[in-house]
Amino acid sequence: MSNILWKSLVVSPAVLGAALLVSSTAIAAPTTTETLSVEAASTTEVLASETKETQVLAQVNRYSNENNNSLSQVTSVSQFSDVQPTDWAFQALQSLVERYGCIAGYPNGTFRGNRALSRYEFAAGLNACLDRVNELIATATADMVTKQDLATLQRLQEEFSAELATLRGRVDALEARTAELEANQFSTTTKLKGEAIFAVSDIFGSETGDTNRAVFQDRVRLGLETSFTGRDLLTTRLAAGNVIGFDLKDENSASIPGTALGQQTFQVGGTGGNNVSIDKLTYEAPFGPARAYIAASGGQHSDYAAVNNPYFFDKTDGGKGALTTFASENPIYRIGGGAGVALNVPFGKPGDSFLKPSSITLGYLASNANNPAPGQGLFDGDYAALGQLNFNVGNRLALAATYVHGYHGASSVLFDSGLGNGAIVGSGQANINSPSASSSNSYGISAAFKPSEKLSVSGFVSYHDVTGFGANDDREAWSYGAGIALPDFGKQGNVLGIFGGAQPYSLRAGASETPFQVEGFYKYRVSENISVTPGVIWVTSPGQSNNSNDAFIGTLRTTFSF
């Protein structure tokens, strides 16, 4: 038998049942072996005879986790904090611990012997003790095994012969599958994850529609996720794409510069020519009670800070959430990015009925941390420092208050996520994304409310105070948005979502209009690895100009994940 499997199984309360029956001389209550056997026989039905491959993989993970979390063999029953000398089964448990050594416990020092058990759980614990008795006999310590115990074990083996045979068959099959997986696995520490997006898009509306044509674009990401301790995570991600953005025009057929209105998530991070690059290199690990985050490249605030936009947000602009970058998350998280550190410190009590476990988040990301030139580097170039309070109220409401202070050089814009390729959200030169040297102080509030399992409501508001270093470069900006998502709409895994609001805008001279954006999408889950998302995006006042026309973008996005 697999030592790992049986060692993990003896953690279960089945061992207490075995304890009550294996040593008849130690029973301290009037319940007989036969009575207990009858009661155990009536507790459960026989499990399904055949396990699917996915279930087998889940069992492998579960047994492995239980083994990693279990204590080593205890040497005294006093090591269990929840077992007292006054307990009616204390002597039976003490006998198994001290004479046979086939008892283990949980990491918190408990035995948890007061839970109900099934016949299969009981058989698993019995088998563990049988293996231990066989070891004692084989090592010439048979005198430790009494004749009464052997007689009891014989009766139990006969009583549970069917369950023991089934367990052994399952373990043999599981060991064979595990051996095959280990022989063919990619790595003992690393998992390969991938995402490929195919997207067909077109844009309509007066001059803009006449200028652009329908396109078929792609983006591919391959991620290596490595864990050295089981609690840390090293992410190395490769990306390639061929996205070229639409050319938005005004009434005079002039291009509107710097416009990121209607930009979609799959348009972020691509190289334009399907050239491969490393677009993310991060490491996360526990740091005392907190969680530390270190980004060597491609770090974003939304990697470590709670965004509170369920069903619309897909971490790092993936292809499973909303279509656009604006609907995905509050623009405040797009201020800065690159390399740096962050810390997430939890607070609150799990048992609190009102304020659930919450956290304080602190982070610092520099856009040009790798450049040693003057005005660049980790502390002298573009950067953004974030502080956030996260609150979970009850089981259905999440709130976050966010502050970001940033510095932006003359060649950068505010909402570029540190990528340096222009704005991710927002519109043209006249507003907040104007590429002039400045410092900024931004304040945001986000909330998510889930009144039921079939409805989610979320939204945000952000204010940005920008101090320019040139004449008349000061500006203020606002942004807000809200969305409604219907998860499992029509089928489990599907999502119907509608999101609308105002992209970051500034009503300074030359920018009199507010750029609104409304998006509707329906993510249809074809399988666990494939989803198809049709949607429509409506954009008003590109460039905040009163002579620009509305634009409509239609998209059919297909996401393959593995």
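Any read-out appearing in this document is the output of simple, stated calculations on the displayed coordinates, not a laboratory observation. As the structure is a computational prediction, the values presented were derived from the model and not from experiment. For neighbour counting, all protein chains shown are included, and Cβ atoms are generated from backbone atoms with ideal geometry for every residue, glycine included.
What the table below lists for this structure:
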| quantity | calculated |
| --- | --- |
| Principal axis box of the stretch 380-442, alpha-carbon based, largest edge first, Å | 45, 27, 18 |
| Equivalent-ellipsoid semi-axes of the stretch 190-561, from the Cα gyration tensor, Å, largest first | 29, 26, 22 |
| Over 31 Å between alpha carbons, listed pairs 280/523; 249/491; 349/491; 315/454; 280/454; 191/320 | 249/491; 349/491; 280/454 |
| Segments 188-201, 356-369, 302-315 sorted - mean Cβ within 10 Å per residue, highest first | 302-315, 356-369, 188-201 |
| Pairwise label distance in nanometres, residue 232 with residue 403, each label 7 Å out on the Cα-Cβ vector | 3.2 |
| Relative intensity, log₁₀ I(q)/I(0), of the stretch 496-562 from a Debye sum that treats every alpha carbon as a point, q = 0.14, 0.19, 0.21 Å⁻¹ | -0.54, -0.75, -0.83 |
| Cα extents of the stretch 174-250 along the three principal axes, largest first (Å) | 64, 26, 16 |
| Normalised alpha carbon radius of gyration of the stretch 235-383 [divisor 2.2 N^0.38 Å] | 1.23 |
| Peptides 541-554, 449-462, 322-335 ordered by average Cβ neighbours within 10 Å, highest first | 322-335, 541-554, 449-462 |
